[in-house]
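Here the structure comes first, spelled out in structure tokens, and everything after it is commentary.
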Amino acid sequence: MNREDVAEGKELRVDWQELTDLSRGQPFVVERVRLADSGIVVEGQFEPPELAQLSADDQVFVAAFVRSHGSIKEMERIFGVSYPTIKSRLNRIAGHLDFVDTDPAPGSADVLDRLRRGEISAEDALAELERSR
């Protein structure tokens, strides 16, 4: 993959780029969606995916990062910039995205169930409940 491949947006739909340019970074809501193959239309208010809300340049950057399997060295080569520049841009983009907590604190019901089953002691259960506050 080279800079031209990334710039051509092979990983992105031109429609999203045009919409992003048109909205100039302002929030927008999609009110009608039509499934291309079946023609089914759904109307309502839908927020576009977070990645689609990024600027076109940031979308290209994210696509390049994924395509390079997260290799910062490859990103340096593609964009012709230094490691700190890549890291800074990744951090800035990450600040615009919400992340799903993949290891949430256990709920109180879960802790009590484990206590009832004898999997943890009362002391451990209390400690877990305190940490989850």
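Assorted remarks:
- Within the stretch 111-133, considering residues that are charged (D, E, K, R) and part of a helix (DSSP H, G or I), the one modelled with the lowest pLDDT: Arg131
- Test set (1) part of a helix (DSSP H, G or I); (2) of a type in the set (A, V, I, L, M, F, W, C); (3) over 16 Å from the mean Cα position of the chain (by Cα) - Val66 fails condition number: (3)
- Checked against (1) assigned to a helix (DSSP H, G or I); (2) touching a residue at least 24 places away in the same chain (Cβ under 8 Å), His96 passes all but condition (1).
- Filter result for Val81 (under 29 Å from Pro27 (Cα atoms), assigned by TED's automatic domain parsing to the domain that holds Arg32 and of a type in the set (A, V, I, L, M)): no
The values are calculated or read from the model by the stated rules, or taken from the named source; none is laboratory data. Model, not experiment: these values are computed from the prediction. Note that we place each Cβ from the backbone using ideal geometry, even for glycine, and neighbour counts take in every protein chain shown.
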